[in-house]
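Following: one structure in structure tokens, then a few remarks.
The values are calculated or read from the model by the stated rules, or taken from the named source; none is laboratory data. If you're wondering where the values come from, they're calculated on a predicted model, not measured in any experiment. Don't worry about glycine lacking a Cβ; one is built from the backbone with ideal geometry, like all the others, and counts go over all protein chains shown. The protein model used for the area step is the full one, side chains on, heavy atoms only, and it has no ligands, DNA or RNA in it. Shrake-Rupley method; radii C 1.70, N 1.55, O 1.52, S 1.80 Å.
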Amino acid sequence: MARTYEKITAAEFSAAEGVDDWRVLWWQAFALFRTKNFATGLALVNEIGRLAEEADHHPDLNFRYGVLEVRLSTHDTMSLTTTDLDLARAISAAARALDVAGDPAAIRTWEFALDAVDVDAVRRFWAAVLGYELAGDTDIADPIGLHPPVYVQQMDAPREGRNRIHIDLGVPHDVAEARVAAAVAAGGRVVRDEFAPAWWTLADPEGNEVDVATWQGRD
């Protein structure tokens, strides 16, 4: 029998008890744990594995010396669900039991974004050259999930005087304004902010652009 899930919004996840370690970026929940050493990090990975098997719900883990990133979402629904919320709480409890602290201010994710008139033609090229696969109607993705995805954005006509490759950067909603301010202080400029806090478009001193995005304004 197919599993059923109760979808929840980014706002509902963020307002829930027991998820102080977690931040929603786009449609996933992220946590970053400072594990201090490899052995402690491995112990937390093993405990997350046990919890995931019990829940029959498996997060993505990125484990490096001293750092463990955890990503949660329900792939069947391409959203967050109560199952993600329950597992997030259990993972945070496991981290506390190992004296491992979360570092939500350090959480981030990103993708390349390409403007294209012929989205499918551009996607096929980049999928071939990167060894990626087509994903959905507009994306290409690393088939083993290790490298950033590429989003191919429909445009009506080629634009002159503007780069057609930029980065989409997802950051926690509670650090976004500080990140934008830091970028401006480092020599950048705000190109567009009418959609903030959903996203700001920034440019570096030579006009290369990045969209700094949060979940706020999207629910």
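Applying the criterion of being of a type in the set (D, E, K, R) and surrounded by fewer than 18 Cβ atoms within 10 Å (Cβ to Cβ) to the residues of the stretch 164-178, the residue that is nearest to Trp199 (Cα to Cα) is Glu177. Which residues, taken from the stretch 182-219, are without any contact (Cβ under 8 Å) to a residue 40 or more places away in the chain, over 14 Å from Gly170 (Cα atoms) and open to solvent by 60 Å² or more (accessible area, probe 1.4 Å)? Passing the criteria: Val184, Ala185, Ala186, Arg189, Val190, Arg192, Asp193, Glu194, Phe195, Pro205, Glu206. Among the candidates Val190, Val180, the residue that is over 21 Å from the mean Cα position of the chain (by Cα) and not assigned by the TED database to the domain that holds Asp60 is uniquely Val190.
The rows are residues; the columns are (1) at pLDDT 95 or above; (2) of a type outside the set (A, V, I, L, M, F, W, C).
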| position | (1), (2) |
| --- | --- |
| Met155 | no, no |
| Val180 | yes, no |
| Trp215 | no, no |
| Asp219 | no, yes |
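Residues of the stretch 140-155 that are out of contact with any helix residue (DSSP H, G or I) (no Cβ under 6 Å at 6 or more places or on another chain) and under 19 Å from Arg108 (Cα atoms): Ala141, Asp142, Gly145, Leu146, His147, Pro148, Pro149, Tyr151.
When the stretch 96-151 is filtered for residues that are at positive phi and among the small types (Gly, Ala, Ser), the ones remaining, listed by number, are Gly131, Gly136, Gly145.
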